[in-house]
């Protein structure tokens, strides 16, 4: 990285003794040891800040500009809205696979004795595929409807109110195998008034409260802890914070302070 930044700085005419020293001591910069850098570079804090400002204008990973891969945003598979009698869910037909069978065309071709057996076999396969796709769509709708029925509190109030729910419970309610629910919900997206979510997001075990018989889902607890961590609530146990902070990819307080310090320099 130092060599990469040095080449860019050289092209822009930014290289100077202080800049060179900073590039030779990037670990200290990463640790936000600005006073230590001033001592090593034999410069004032103002001089160092000028160099860091120029450094932030360089690209640490210029090769990424040649990455032609694009992240495509896909449309949701299911749409949730509030109806006259409560929440309802429907399939997003624009994203669903469709199998069309030209029955009239098949009949016309079947008049040819030579082609009749082949056409009959192909049409039979197409009909089977059409039934399979429709069955898959109806199963997905049944699973989504059951999720919506169980997650009314989430739809009304947000992620902190996701109720405990398991694959087995949903499978039993709609009369299919648990593996079917798991397969259907993998990668399937549902848009709700609270945002767009992967169906897997709603499946979460219950965490029992020691002080009462009430329980909350692990997903709801993670969301609440994420909110608490953002507010740096000191009442929360450090081990619990660390566990869920890592799960949610939230930097530690030291990392956040270091990033803020560098941003201000």
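For this structure, a couple of remarks:
- The Kirkwood hydrodynamic radius of the range 2-63, based on inverse pair distances between different Cα atoms, is 11.6 Å.
- Two-decimal log10 I(q)/I(0) for the range 78-202, as the Debye equation yields it once each C-alpha is a single scatterer, q = 0.11, 0.16, 0.17 Å⁻¹: -0.50, -0.79, -0.86
- Cα-projected label distance for residue 99 with residue 254, points at 7 Å along beta-carbon direction, nm: 5.8
Computed from the coordinates by the stated procedures, all read-outs in this text should not be read as laboratory data. For clarity, every value in this text was computed on a predicted model and none was experimentally measured. Backbone-built Cβ (ideal geometry, glycine too); neighbour counts: all protein chains shown.
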